[in-house]
1. What would the Debye formula give as log10 I(q)/I(0) at q = 0.12, 0.17, 0.18 Å⁻¹ for the alpha-carbon point model of the stretch 408-511, no solvent?
2. Could you check the spin-label model distance between residue 811 and residue 658? Points 7 Å from the Cα along Cα→Cβ, value in nm.
3. Taking the Cα centroid of the stretch 392-421 and of the stretch 796-868, what is the distance between the two, rounded to the nearest whole Å?
4. Using Cα pairs under 8 angstrom and six or more residues apart, how large is the relative contact order of the stretch 710-867, in percent?
5. Please list, short to long, the whole-number percent of alpha-carbon pairs of the stretch 863-957 in consecutive 5 angstrom bins beginning at zero.
6. Length gain on complete extension for the stretch residue 539 to residue 839, per 0.36 nm per residue less the alpha carbon to alpha carbon distance?
7. Beyond 18 Å, what percent of the Cα pairs of the stretch 367-412 remain?
8. Using a 10 Å cut-off on Cβ atoms, rank the peptides 37-47, 709-719 from the highest mean neighbour count down.
């Protein structure tokens, strides 16, 4: 850590020298809310704001369409900036937020739900009292740029999910909110916990039990998550399929103020991992008063219960501002057996029965014929659990979960105009998942079994040991201490932060195969034929397994932004910064998983893996003649042990008309290998099927240590690869934003992300001879073994369109109508697999199109929202592969589209109280999925719960 701090100190000295050489403007010298003399006549709001900026020395950013058609009352006299701005904006429906010292951003004010003022004696409403107090100005995050500006006027599109939209959505978790956004793919905890090795070894080995989501179908490795603009620690246990995950379950939706989604590479701004885009989760920080809310939900079938209690309060403490939020929730476990469609018996869809037959079989017959166990014969029903195991029906549809979270934000004066801030978030969450009993097929028949024979094996489910269950506990801590201060016309922000994620996962129900083998040699034997087994033996066969991990991120950042020069077309603004970061991963798997008696033991992750990163960045926004604005960003990252990497980005916006914006950008992005990939080995996809690697016994493979005629047969191990290099990407976008009037806007953007050197599993068993790095020679120069490793193998080219439209209609007698439409279409997803084959995955195994539409009606104290979420149908087979014969015979080569309706209403007519109710999946749509590898649904898109009712009471004070 001392080396880390030394680098940060050196970086601070470099930044100080840089600041000393910058031409700082004196236009905004003095206090941020200083007084000035104003003389502004009644005129258009646009003109009045221009005069205000000239007379106050402040910078004001806004979209021209936001102020179009609005006027401002005259303003004369001496007053503070905030008072003057409050008077100019009175009655316009706009509000201002302070971005930094002397810089303000205009945005639409949230609609008030307050009751109408009492009537006077004449029957007319009493006039509202004049508001002479300053606007509550607070900091604002703008994702995708370090320079303050209006999001619609950036070269890269940003989707904003406001607090009002979050409330209207009816979702209870951040994961559900994000996975239903067009263009995002959800990665459910059930999916993340289903590793390739789990299918062979345990039916479910819940290594990573986390919820996450990603952009453009590029997976969690390509989407960077920020909380309040800062990186956080990844979930401490890795998913070998999905990589390091950001656990969305650790951020309660009640604490989220808004979410900003940047669709496009942003490594030039944020560094590694921002390949497909950035999701910035902004928590509640600046407010006065408080709120207590209670929320409860239940499915139409009386299960999947949900309860949440949350409270928040903001108040002044002397000259400081303190805001505190707490949240406690509980989600009832939804068992896999609770829905009839959740089964591997697909005969109702005309597809095969993929349940596992149980009983004896002879090694001398191929294929194996199963002779049922005596309990199955007695049952006389081949669907009885004693006869077959419907493994997928046991897998949890939704985990049981409960959690507690505390978030506090304290802003305090330091000296003069310098302010300090302290941000703390602590969370404790527990999650429970179940699946089927462990299944094994092999020499499981003990000597005292009536059917014992050296050539007789058994297909057996360990019902008497019970279902495999995972119980995980995650504790999170995020702490940031920093300060902001004006430097002439510039603003400086510096902070140090610590983020940690600690996870302990305890797994019950896994049968220890070494102990099981011993029972066949010495009594007491384990019996598979229905005879009761000794409880002490069952306990010994299935000890609890424990996996633990801790992920930490320590970082230091220094950032400045402000005007560089003045031009006739406007100020040239810039941002500069340096960052230092240290990541550490401590991972402790249960010794069982490294047992050499397993067909393929798992290589443990280095228990003391760490990496360090230094970065410097610069960004410019340059107004040009002809209503053009150029953007340029450049970032230098130095990550050990991968050397330096640069990420440039160029952007351009053009406003040929006040109501039309054309934008485009192009930039390089990269992703350095994570600690999960450099310090750990991939899960072996052949676990339980110990096939060796085979290559021709001829050059370049010969000479071979163990030749078998013309073939060189090699044992296989799973190992880490110290030669990984960063992934590279090129991200491009071109878009148009049209706002014909104040009540309507539409944005269409084309995107293209090309990734190279993608990290994937190099598998010498599945692809013999293809990957030279997987073959190892011994000291005698003989080819002796093959390795399964992570390697830079893949390439992808994803292209598509994203669409957003908003329309508001005010009526005199019927209230206000707000319509929102958003859509996403992947037109091409070219993927080059490790074997060199290039295919277009668009529309295969996942939807190519998704959309969301909502209509909100507001009148008086009532607000009602109806919405529909759509995912297009998609093919059930991988690209470049034919439809499976079973699907083709049944006419089920394509899954149907998914359309889910929701309805919500809110009433705020009570004094201080708000009551809201939602019905999600209003039509009670049941999943319909024909993929043979699934059990009737896709956890990324389908809703397994069905119709769901939510009720919320909120009290504000």
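1. Evaluating at q = 0.12, 0.17, 0.18 Å⁻¹ gives log10 I(q)/I(0) of -0.66, -0.89, -0.93.
2. For residue 811 paired with residue 658, the spin-label model returns 2.9 nm.
3. With the stretch 392-421 and the stretch 796-868 each reduced to a Cα centre, they are spaced 29 Å.
4. Rounded, it is 20 percent for the stretch 710-867.
5. With a bin width of 5 Å, the distribution comes to 3, 12, 18, 15, 12, 10, 9, 7, 5, 4, 3, 2, 1.
6. Extending this stretch completely gives an extra 103.1 nm.
7. Result for the distance tail: 61 percent.
8. Going by the mean number of other Cβ atoms within 10 Å, highest first, we get 709-719, 37-47.
No value in this document is a laboratory result; all are computed from the given coordinates. Owing to the predicted nature of the structure, the values given are computational and were not obtained by experimental measurement. Cβ atoms come from the backbone with ideal geometry, glycine included; neighbour counts cover every protein chain shown.
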